[in-house]
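The values are calculated or read from the model by the stated rules, or taken from the named source; none is laboratory data. Predicted model, so just to flag it, every value in this text is computed and none were measured. In this analysis, Cβ positions are derived from the backbone assuming ideal geometry, glycine residues included, and neighbour counts consider all displayed protein chains. To get the accessible areas, we keep the full protein, side chains included, count just its heavy atoms, and leave off ligands, DNA and RNA. Shrake-Rupley method; radii C 1.70, N 1.55, O 1.52, S 1.80 Å.
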Amino acid sequence: MVSTKGVSERVNQVLPIVYLARHGETTLSGQYMGITDLPLTERGERNARRLSERLRGLNFGRVFTSPLQRARRTCELAGFATVAEIDRDLVEWNYGDYEGRHSADIHREHPDWQLFRDGCPGGESPSEVRARADSAIKRIRAIEDNVLLFSSGHFLRVFAARWLGLETAIGTHFVLSTASLSALGYEHNLSQPVIRLWDDTRHVVD
């Protein structure tokens with residue numbers, strides 16, 4: 001007789017999901033604002049509250065947020081301030097000399113510049129952001145429960161690429177809207193990481 005115990009255990013295994021919440025809107029200027037600690041706009045706060053409705057009914061073993069106020073405020077308005085832990089690895093990309101500048105201005109000086117490939121002079125390189133993402137992923141995978149993260153767009157795009165085992169430069173293809181919700185998880189087992197949901201903005205009000 002062939003035992004099906006191992007198969008049954010794998011089928012019944014509940015695989016954890018990591019939810020990614022990008023912070024609400026901070027500015028309409030289009031400037032690169034990495035470690036500049038900006039507050040949310042009025043619309044940003046409104047959509048952060050809508051995240052609370054979107055996340056209702058979901059259970060999380062741990063909740064982590066970037067230390068930047070835009071992420072912490074989004075976390076608070078979504079209803080998780082009392083349980084969230086600050087994780088400095090989740091902070092946005094440090095743009096260095098490009099902080100506060102517009103993409104068009106940078107490309108006039110450096111037409112071929114790509115953030116996810118080249119990084120920023122005086123700021124972080126792609127390998128440095130990748131190292132932070134890898135560190136966070138290692139800790140999160142050890143939790144073995146659903147996790148909720150509040151962070152910023154460019155970091156979360158690197159996080160998603162690294163979750164899949166891909167190079168940092170792939171993050172350029174993962175566009176994320178403010179106050180969006182995404183989810184990373186697994187397909188059949190823990191060796192098969194996947195994107196389960198990406199850039200969901202059904203709850204967002206323009």
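The table for this structure:
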item	result
Residues (farther than 22 Å from GLY153 by Cα and among the hydroxyl-bearing types (Ser, Thr, Tyr)) located in region 187-206	SER191
Residue count, region 81-99 (criterion: closer than 19 Å to PHE159 by Cα and aromatic (Phe, Trp, Tyr))	2
Single unsatisfied condition, ARG130 versus (1) open to solvent by 40 Å² or more (accessible area, probe 1.4 Å); (2) over 21 Å from ASP87 (Cα atoms); (3) in contact with a helix residue (DSSP H, G or I) (Cβ under 7 Å, 6 or more places away or on another chain); (4) without any contact (Cβ under 8 Å) to a residue 60 or more places away in the chain	(2)
Matching entry among ARG108, ARG117, ARG54 (being touching a residue at least 60 places away in the same chain (Cβ under 8 Å) and either part of a helix (DSSP H, G or I) or open to solvent by less than 40 Å² (accessible area, probe 1.4 Å) (or both))	ARG54
Search result, residues across region 75-126 that are within 17 Å of the chain's Cα centre (by Cα) and polar (S, T, N, Q)	ASN94
Sole residue being farther than 22 Å from ARG88 by Cα, touching a Leu at 6+ places or on another chain (Cβ under 7 Å) and modelled with pLDDT of 95 or more, chosen from ARG49, ARG70, ARG22	ARG49
Residue that is nearest to ASP134 (Cα to Cα), among those in region 57-91 that are open to solvent by 40 Å² or more (accessible area, probe 1.4 Å) and of a type in the set (A, V, I, L, M)	ILE86
Residue count for region 28-51, restricted to those that are closer than 19 Å to ALA84 by Cα, open to solvent by 50 Å² or more (accessible area, probe 1.4 Å) and among the small types (Gly, Ala, Ser)	0
In region 135-156, the residues that are buried (at least 16 other Cβ atoms within 10 Å of the Cβ) and over 23 Å from THR27 (Cα atoms)	ALA136, ILE137, ILE140, ASN146, VAL147, LEU148
Which listed residue, of GLY122, GLY96, is small (Gly, Ala, Ser) and in contact with an Asp or Glu (Cβ under 6 Å, 6 or more places away or on another chain)	GLY122
Candidate set: region 169-178, residues that are hydroxyl-bearing (Ser, Thr, Tyr) and either in contact with a Ser or Thr (Cβ under 9 Å, 6 or more places away or on another chain) or crowded, with 17+ Cβ neighbours inside 10 Å (or both); chosen: the one farthest from HIS23 (Cα to Cα)	SER177
Total residues in region 179-206, condition more than 25 Å from GLU144 (Cβ to Cβ), polar (S, T, N, Q) and open to solvent by less than 50 Å² (accessible area, probe 1.4 Å)	1
